[in-house]
């Protein structure tokens, strides 16, 4: 049951921030880093492929894996949580969506201006000069099961394109991080959905919101321990809890 005080806070909010993690995309069938890899990739640890050093050592292996991940993202469809988040924008004066996910499911569900803290599978850039190609990537070439693929070349310097995601050891994009932190510090309600809250500095987003006086709601399959005022937990699948929250808060 959703607490009446939370519904009241949702209705009164002038600015709501939605902060999403891998759990939301997982409900659309996109593998997370915790999932067991398959095919060619079952011999590898996902984290070992997500570093600049891995790309320098074997760019074909890393690009192939990320094309497999991009294929999974392209094949996936927005789930009820993505759709409810997009619908929420019609009920509040301001909605900011901040995500740790590197897919485009929020955008395909109808959310605009999504802040991607960890980059995007769909926006590669040159490893050497940092420029993004003018032409978007085509459909993924990677078949099910995985294989090595030669990365495309940069039109400016002939360097290899690399996935446009934040790898281990790299800093978050400063514009996205500053925008996310500013939104968190200036919202009335923050919904933290499908995120473990252990990956920093992204995990600071709900902390900043709470410290700035916002109501913070954790939506996860398992209850998140809390004991603070203005903090709620809704235990369950995002695809069930988020639509229920939006519907009950803004029922006509």
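Here, each number is a calculation from the coordinates, and none is a lab measurement. Being a predicted model, the structure only gives us computed values, none of them experimental. FYI the Cβ positions are ideal-geometry reconstructions off the backbone, even for glycines, and counts take in every protein chain you see.
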With Cα springs under 10 Å, the Gaussian network model of the chain assigns the largest mean-square fluctuation among 77, 57, 241 to 57
Sorted on mean Cβ neighbours within 10 Å (highest first), peptides 94-105, 189-200 come out as 94-105, 189-200
Label model pair residue 139, residue 2: point-to-point distance (7 angstrom along the Cα→beta-carbon line) in nm is 3.8
Distance in nm between residue 94 and residue 235 label points, each 7 Å along Cα→Cβ, equals 3.5
Contour minus Cα-Cα span, residue 108 to residue 53, at 0.36 nm per residue, comes to 16.5 nm
Relative contact order as a percentage, the chain, C-alpha pairs under 8 Å and 6+ apart, gives 26
Longest principal axis of the chain (C-alpha) makes with the long axis of helix 59-75 (C-alpha) an angle, in degrees to the nearest 10, of 40
Expected unfolding gain across residue 12-residue 153 under the 0.36 nm per residue rule, minus the alpha-carbon gap, is 45.7 nm
Projected convex hull area of the chain, Cα atoms, direction-averaged, in nm², equals 13.5
